[in-house]
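Asker: Submitted below is the structure of interest, expressed as structure tokens.
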Amino acid sequence: MSNFSYKIKGVSSAKTFNKIASSGARLCGCKKVGRELRFSTKKRDKNVVINAVNTDFSDFSAVEKKSFLESLFSLSRIGIFLVIILSFLSCVFLSKFVFITEVRGLDKVSLKKVLLHLDSVGASGVFLKDTVDCDELKNGLLKNFPFSAVSVETRGLTLLVSVKEELDAPYYDDIPIRAKVSSEDAIVSRVITLDGTALVGVGESVRRGEKLIDCVKSVGDVLIESRAVGEVYGRVWREAEVFIPQKTASFRDSGNSAVFYSLSFSKDYCASTSPFTSFREERYYTPFFSILPIYHCKTVYYEQKPIEVDNPEYINSSSVERKLKDQILLKLGEEEYEFLRCWSTGKEVDGGKILKVIVEIEKRIDVYS
């Protein structure tokens with residue numbers, strides 16, 4: 001907390017001390033220099049001292065002396081304010097410049113050649129945004145490079161150039177002059193035609209063997225022969241079903257048991273046979289001689305009989321659904337496809353239900369006829 005220092009001229013020291021002390025203020029550093037009385041108090045006692053002294057003395061002064069932490073805090077506030085002002089001015093000033101040039105979408109065209117072209121028109125390194133016309137840059141790139149599309153824009157401190165290179169003309173000599181047909185029933189999801197005439201559109205249902213891309217195309221009002229080049233994708237379905245019985249057999253102890261005793265040279269073998277068809281067994285081995293590996297084996301066979309209980313898979317068939325789904329995807333093998341969704345249906349029949357799982361995928365369906 002800061003302190004206040006006081007100077008009072010032409011006073012009686014004893015009288016002044018008594019008057020200020022009686023006011024409740026706490027004095028420190030009291031001394032008399034010539035006709036001046038000097039002392040200091042805490043900041044909270046400032047008003048008490050002024051009220052006590054002001055009634056009798058008019059020639060006095062009070063000066064605040066801040067502590068080191070308070071002075072540091074005041075300076076830090078000024079520093080923060082200056083930093084904010086300088087940051088704002090820097091942002092306003094720097095926003096007028098471009099510092100980074102980024103080119104996206106290049107594949108066959110050399111990045112170095114593109115950057116050299118941009119440098120020749122003053123659009124590289126650090127430069128003012130106002131000195132470069134994005135439309136002129138775009139037209140220059142389209143004129144000097146095999147680009148089918150170019151976009152040029154400034155984003156913050158970056159000049160972003162996005163390009164799309166022209167596709168090479170397809171090589172058709174090894175492609176037969178035959179139409180493309182559907183390999184199975186499907187709903188068309190994508191059609192990409194490079195040559196020939198597409199006969200189907202997105203959302204149409206097609207049957208197996210139906211023409212998708214014909215090997216002709218129109219030039220004006222004339223139809224000419226061409227190759228059917230392209231890809232057709234469709235949504236197709238794979239199904240699997242299984243019968244789930246409502247009841248299932250569970251083996252329980254019937255209460256009958258049989259006990260057999262034998263000698264054995266190993267704990268993994270016991271020379272006895274169960275008299276029951278369905279059973280569970282328990283074996284107990286005890287050493288016959290302490291120094292020889294001979295064991296006395298006691299085998300207990302408990303007869304088990306099957307009883308019908310509720311089938312848990314009938315009540316909750318989620319595990320069966322997962323198994324059927326995995327079987328369907330396993331049968332697809334190495335086919336290229338995209339999984340879309342999976343759902344199931346159940347049909348109640350005598351003694352249980354038939355669960356059907358349907359998997360929807362997207363795959364290429366075009367083949368040459």
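Asker: Residues in the range 240-283, backbone N under 20 Å from the label point at ASP326 (7 Å along the Cα-to-beta-carbon vector): list them, ranges by number please.
Answerer: Of the residues in the range 240-283, 240-245 have backbone N under 20 Å from the label point off ASP326.
Asker: What would the Debye equation give as log₁₀ I(q)/I(0) for the range 256-308 at q = 0.15, 0.17 Å⁻¹, counting only Cα atoms as equal point scatterers?
Answerer: Each listed q maps to, in turn, -0.45, -0.54.
Asker: So which trypsin sites (Lys or Arg not before Pro) in the range 192-300 end up in coil per DSSP with only 16 or fewer other C-beta atoms within 10 Å?
Answerer: Passing both the DSSP loop test and the Cβ count: ARG207, ARG208, LYS267.
Asker: Here is a follow-up. Around SER274, under 13 Å between beta carbons, what's the net of Lys plus Arg minus Asp minus Glu among the other residues?
Answerer: On the way: positive: ARG280, ARG283; negative: GLU281, GLU282, GLU303.
Its environment carries a net charge of -1.
Asker: Ok, one more. Could you compute the net charge surrounding LEU142? Neighbours are other residues with a C-beta less than 15 Å from the C-beta of LEU142; K and R count +1, D and E count -1.
Answerer: Details: positive: LYS113, LYS138, LYS143, LYS164; negative: ASP133, ASP135, GLU136, GLU165, GLU166.
After counting each charged neighbour, the total is -1.
Asker: Positive end of the dipole of the range 181-299, charges at C-beta (+1 Lys, Arg; -1 Asp, Glu), about the Cα centre: which of THR273, THR286, VAL229 has its Cα farthest in that direction?
Answerer: THR286
Asker: Now for a separate question. Over 32 Å between C-alpha atoms is what I'm after, so list which of LYS217/LYS325; LYS112/LYS180; LYS247/LYS331; LYS247/LYS363 land there.
Answerer: On the way: LYS217/LYS325 43 Å; LYS112/LYS180 43 Å; LYS247/LYS331 30 Å; LYS247/LYS363 40 Å.
Cα-Cα > 32 Å for LYS217/LYS325; LYS112/LYS180; LYS247/LYS363; rest within.
Asker: Tell me, what does the Kirkwood hydrodynamic radius of the range 180-231 come to in angstroms if you use every pair of distinct C-alpha atoms? Don't skip to the end; give the middle numbers.
Answerer: Numbers: mean 1/r = 0.0885 Å⁻¹.
Computed over Cα pairs of the range 180-231, the Kirkwood hydrodynamic radius comes out at 11.3 Å.
Asker: Still on this structure: Along the range 222-238, what does the Karplus equation 6.51 cos²θ - 1.76 cosθ + 1.60 (θ = phi - 60°) give for ³J(HN,Hα), rounded to whole Hz, x for Gly and Pro?
Answerer: With the stated coefficients, the range 222-238 comes to 10, 8, 10, 6, 8, 9, 7, 10, x, 9, 10, 10, x, 8, 10, 10, 10 Hz.
Asker: Taking 0.36 nm per residue of sequence separation and subtracting the Cα-Cα distance, how much length would be gained by fully extending the chain between GLU136 and THR158, in nm to one decimal? Spell out each step's value before the answer.
Answerer: Details: separation 22, 0.36 × 22 = 7.92 nm, distance 1.74 nm.
Extra length available between GLU136 and THR158 comes to 6.2 nm.
Asker: Let me ask something else about it. Using 7 Å Cα-to-Cβ label points, what is the LEU340/SER274 separation (nm, one decimal)?
Answerer: Rounded to a tenth, the inter-label distance reads 5.1 nm.
FYI, it's all coordinate maths here, none of it is from the lab. Predicted, not measured: the structure shown is a model, and the values here were computed from it. Cβ coordinates were reconstructed from backbone atoms using ideal geometry, including for glycine residues, and neighbour counts include every protein chain displayed.
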